[in-house]
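Notes for the one structure printed next.
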Amino acid sequence: MLTRTKLLLIIIAGFTLWGSSTLYFRNRNPFFHGSIDSEIIKKTDPDPSNADQASWEVLSYGYELGPWPLRFQDEPVVSTLTYQKGPPDKFIPEMNLIWSPTHAEIRIEGPRTPTPVQSRLLWKIHLGNKLFNAGEKKSFIDTAFPDLKPYGKKIKKISWFEGETASSPAGIHLQIDFANSQIDRYILITEEGITQNFTLTASKDSVGDDARKLFIQVLGAMNAKNTLSEPRYWMGQKLKQIRMDQIEAIQNPKLRYERLIQVRNELLSQLAVDPRSIAPFFHLAGIVHLLGISLIKEKKVYFKNQESWLVGTGPLLTGLIHYVKDFPDSGDQKNERDAALANMESLLEDFLLFEQRASQKI
């Protein structure tokens with residue numbers, strides 16, 4: 001049985017250990033070092049008609065709406081995702097825009113609401129204030145940047161960024177430095193304090209430099225929204241304009257594949273702002289299957305990144321199936337869910353079989 005003295009010593013040791021770990025975290029974490037730098041992102045207005053620029057399309061991946069490039073380094077930008085528990089109750093946790101495999105990729109994380117909930121203005125003031133409540137600051141950091149701790153001293157820069165207009169996005173820019181690559185994470189914060197991470201990982205070479213410049217253009221052209229109603233309406237109207245018969249009628253295979261990739265990106269954008277419906281998951285699986293089968297049948301290389309799209313087809317179809325399985329198997333959506341799963345599983349089986357037969361003929 002513990003004596004009162006031993007119990008007191010254990011309590012004191014526990015508080016000492018907690019205090020030491022907290023102090024270590026604060027000393028290692030640059031957010032606790034006081035004021036952070038300021039950064040202004042100039043307003044940009046990409047012109048799709050300008051041949052010297054990438055072609056652009058207005059999309060939304062959360063509480064922002066703005067033009068995103070359809071091409072990078074003369075190759076189509078391809079969006080993808082891997083399964084993580086999320087919809088239909090939450091946003092898709094993560095999706096990726098592949099600008100150049102191994103050279104430039106953007107990770108987009110679904111919106112999060114830190115606790116305590118505070119306005120963007122208050123977070124701006126508090127994050128640069130060394131005296132701000134450490135527990136609340138840590139809660140914000142854990143929500144907005146859950147993987148901060150492993151980077152440690154590799155964090156090269158922290159700044160508060162803002163655009164030139166009231167509708168421009170604002171938040172925190174973290175720059176993380178590695179030997180051969182650089183991570184630029186922009187934590188966008190809405191006026192109500194909801195956060196969303198856009199992270200560019202790019203190589204330290206000319207390709208990476210071009211990606212960083214282009215990403216700044218994207219940020220400078222964004223319009224930050226306080227609700228999801230406008231992004232959802234925009235993407236809903238865009239999807240209504242898709243005509244598969246018109247796509248199939250495109251005679252030039254390269255142009256047809258580019259259009260399929262564009263539709264794939266549009267469907268993923270739709271899922272980013274509204275993951276509550278089964279139909280976009282099903283339609284996306286159909287586009288992914290069609291693109292994969294067509295590329296295998298064609299047996300011709302139109303794009304240098306073409307092989308990576310094929311490699312990712314099976315995993316993407318599998319991830320979409322898992323997302324639909326998370327929808328309730330009872331209630332109003334049960335019949336739609338069951339029908340979608342049956343068709344999607346058939347698409348996956350068909351693609352894998354087709355892929356296997358094609359590899360055996362090589």
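Every number in this text was worked out from the coordinates using simple rules, so none of it is lab data. Nothing here was measured: the structure is a model prediction, and the numbers come from that model. For neighbour counting, all protein chains shown are included, and Cβ atoms are generated from backbone atoms with ideal geometry for every residue, glycine included.
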Listed by chain and number, the residues whose amide H is under 5 Å from that of GLN73, excluding neighbours fewer than 5 places away on the same chain and using placed H, are none
Would you work out which of ILE321, PHE282, TYR302 lies farthest towards the positive end of the dipole of segment 220-331? Charges go on Cβ: Lys and Arg +1, Asp and Glu -1.
TYR302
So if each residue of separation counts as 0.36 nm, and I subtract the Cα-Cα distance between LYS138 and ILE125, what length gain in nm does that give?
3.2 nm
Sort 117-123, 316-322 by packing, meaning the average of other beta carbons within 10 Å per residue, with the highest value first.
316-322, 117-123
Reach of LYS85 by Cα under 29 Å, taken over lysines that are not fewer than 8 positions away in the same chain:
LYS137, LYS138, LYS149, LYS225, LYS238, LYS240, LYS325, LYS334
Could you tell me how far the Cα centroid of segment 160-174 sits from the Cα centroid of segment 57-112, in Å?
20
Nearest-0.05 FRET efficiency for GLU39 and THR113 at R0 = 25 Å, using Cβ-Cβ distance, is 0.55
Note down, for segment 79-236, the three equivalent ellipsoid semi-axes (square root of 5 times each alpha carbon gyration tensor eigenvalue), biggest first, whole angstrom.
23, 21, 17
For VAL311, VAL288, ascending order of other Cβ atoms within 10 Å (fewest first) is VAL311, VAL288
Arrange TYR63, TYR151, TYR257 by Cβ neighbour counts within 10 Å, fewest through most, would you?
TYR151, TYR257, TYR63
Rank these for me by crowding, TRP68, TRP160, going from fewest to most other beta carbons within 10 Å.
TRP160, TRP68
Excluding SER38 itself, what net charge comes from residues whose Cβ is under 15 Å from its Cβ, given Lys and Arg +1 and Asp and Glu -1?
0
Where does segment 207-266 land on Rg/Rh, using Cα atoms and the Kirkwood Rh?
1.10
Using a cut-off of 16 Å between alpha-carbon atoms, which lysines can reach LYS42, once sequence neighbours fewer than 8 places away in the same chain are excluded?
LYS213
